[in-house]
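Working notes, beginning with the structure itself.
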Amino acid sequence: MSKAKIKNHAVIMLFLLPALSIFAYFILYPVGRTVFLSFREWKGVYGAPMKFVGLNNFRQVLGSDGFWLSMRNSLFFMIGGFVILMPISFALALLVTSKLKGTTVMKTCYFMPIMLSTTAVALMWVYMLNPSYGVINQVLRAVGLGGLAKEWLATPTVNVWCVVLVNEWMYAGYNMLLFAAGLVAIPSELYEAAEIDGCSGWKKVWYLSIPLSKESFKIFAITCVTGCLKVFDLIWAMTKGGPMHSSETPATLLYNEAFGYKFFGRSSAIGVILLIIGVSCSLVLNKAFQGKEE
């Protein structure tokens, strides 16, 4: 290698060094530390001995009914994301990228929920879902459907789906922009050619908009799966994983194991399992969409 190339590589590495240092300190080191703790038993006290337990933490986590219940709840979030959030977000994207009047106001209104803090959104819906004075039950009683009124956040499974629907309401605007960015990148000449060939209305959406937005769908799929695996803030603010751990997610379970029961080794094992699942799902989804593109 010539001296000029060595010098160029040295300059490149010099410019990359700050970013690589930050990445290593805030990403690689915590991940490595988590993997290290997952094979040990530790109470989280500085200076306390760390006892090596091998795969015992993983066996306890994978053999726990609470972990699989939390994974089931994450699956509910994924189902809600693909069945509810994705169609709604794509429909909103079609709406705001159309030639209708008032699309700027629509964008603002639809994007407003994601601009609010998660805590504010959670508290708002907690009050709305209150069994005594919440607006949801009040409306049901007013229209003669009082039999459907219930304690929404205290009923197992129902409480998870309530949080799932709140999650879709909150993130619909964000994903709308994701799909809208893909739609506006489609050349208008393709739509004009399709109209000349007699393709109009929903046929253009089905045969042009959806296939040519596959990159947006890939990004949505990956972020949806990984996001649902680590969902924490909304479920914690609305139910704290209760009652009786019925709305627990892997992230809240990890938090409780570490800071509630001081089982830092076990909580690290949960983190490692989530990391493996998340990376595996991302690779599979990326490969699946690449196959479709080919």
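Taken together, the values in this text are just the output of simple stated rules run on the coordinates, not laboratory data. Being a predicted model, the structure only gives us computed values, none of them experimental. Here Cβ is always computed from backbone atoms with ideal geometry, including for glycine, and neighbour counts include all displayed protein chains.
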Worksheet item: Taking square-rooted eigenvalues a ≥ b ≥ c of the alpha carbon gyration tensor, is the range 69-125 rounded, prolate or oblate, where a/c under 1.5 means rounded and, failing that, a/b exceeding b/c means prolate?
Response: oblate
Fill in: For the range 89-195, alpha-carbon Rg and Dmax in angstrom
18.5, 58
Worksheet item: Starting at 0 and stepping by 5 Å, how many percent of the alpha carbon pairs of the range 179-268 end up in each bin?
Response: 3, 12, 15, 13, 9, 7, 7, 8, 8, 7, 5, 3, 1, 0
Item to complete: At 0.36 nm per residue, minus the direct Cα-Cα distance, what do Lys51 and Val158 gain on full extension? Give it in nm, one decimal, please.
Response: 34.5 nm
Worksheet item: Dividing the alpha-carbon Rg of the range 109-148 by 2.2 N^0.38 Å yields what?
Response: 1.44
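Just to be sure I follow: if Rg is taken over the C-alpha atoms of the chain and Rh is the Kirkwood radius over the same atoms, what is Rg/Rh?
Working: Rg = 23.9 Å, Rh = 22.6 Å.
That ratio is 1.06, to two decimals.
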Worksheet item: Among Tyr29, Ile84, Met13, whose Cα lies farthest out toward the positive end of the dipole of the range 1-115, if unit charges sit on the beta carbon of Lys, Arg (+1) and Asp, Glu (-1)?
Response: Met13
Item to complete: Using just the helices of the chain, give the 222 nm mean residue ellipticity in deg cm²/dmol: DSSP H runs with n ≥ 4 each add -39,500 (n - 2.57), and the total is spread over all residues, rounded to 500.
Response: -21000 deg cm²/dmol
Item to complete: Taking H placed 1.01 Å from N in the peptide plane, check which residues at least 5 places from Glu41 or on another chain put their amide H under 5 Å from its amide H.
Response: Lys51, Phe52, Val53
Worksheet item: Computed over the Cα atoms of the range 1-45, what is the ratio Rg over Rh, Rh following Kirkwood?
Response: 1.33
Worksheet, complete the sentence: Highest GNM mean-square fluctuation among Ser267, Ser216, Ser98, for the chain with Cα springs under 10 Å, belongs to Ser98
Worksheet item: What FRET efficiency do you get for Arg59 and Leu100 if R0 is 51 Å and r is their Cβ-Cβ distance, rounded to the nearest 0.05?
Response: 0.35
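What is the gain in length, in nm to one decimal, between Tyr29 and Asp197 on full extension, counting 0.36 nm per residue of separation less the C-alpha to C-alpha distance?
Between Tyr29 and Asp197, full extension yields an extra 54.8 nm.
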Discussion item. Pairs of alpha-carbon atoms within less than 8 angstrom and 6+ residues apart define the contacts here; what relative contact order does the range 26-175 have, in percent?
Written reply: 23
Worksheet item: Rounded if a/c is under 1.5, else prolate if a/b beats b/c, else oblate: with a ≥ b ≥ c from the C-alpha gyration tensor eigenvalues square-rooted, which is the range 147-230?
Response: prolate
Item to complete: Output the Cα-based Rg and Dmax of the range 29-165 in Å, rounding Rg to one decimal and Dmax to a whole number.
Response: 22.2, 66
Worksheet item: At a Förster radius of 22 Å, what calculated FRET efficiency corresponds to the Cβ-Cβ distance of Tyr174 and Leu140, to the nearest 0.05?
Response: 0.15
Item to complete: Could you work out which residue, out of Phe23, Phe77, Phe58, moves most in a Gaussian network model of the chain, that is, has the largest mean-square fluctuation with Cα springs under 10 Å?
Response: Phe23
Discussion item. Need the full-extension length gain, Lys3 to Ala185, defined as separation in residues times 0.36 nm minus the C-alpha distance. One decimal, nm.
Written reply: 61.2 nm
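Which of the helices in the chain meet the span-like rule: DSSP H, Cα axial reach of 27 Å or more, Kyte-Doolittle mean at least 0.5?
Helices meeting the criterion: 3-23, 158-184, 264-293.
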Fill in: Residues of the range 161-194 with amide N under 18 Å of the 7 Å Cα→Cβ point at Thr108
173-174, 177
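Which whole-number percent gives the relative contact order of the range 65-293, counting Cα pairs below 8 Å spaced six or more residues apart? Before the final figure, lay out the partial values.
Values: 243 pairs, mean separation 62.9, N = 229.
Normalised by residue count, the contact order of the range 65-293 is 27 percent.
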Worksheet entry | Volume of the Cα convex hull of the range 1-102, divided per residue and given in Å³ | 314
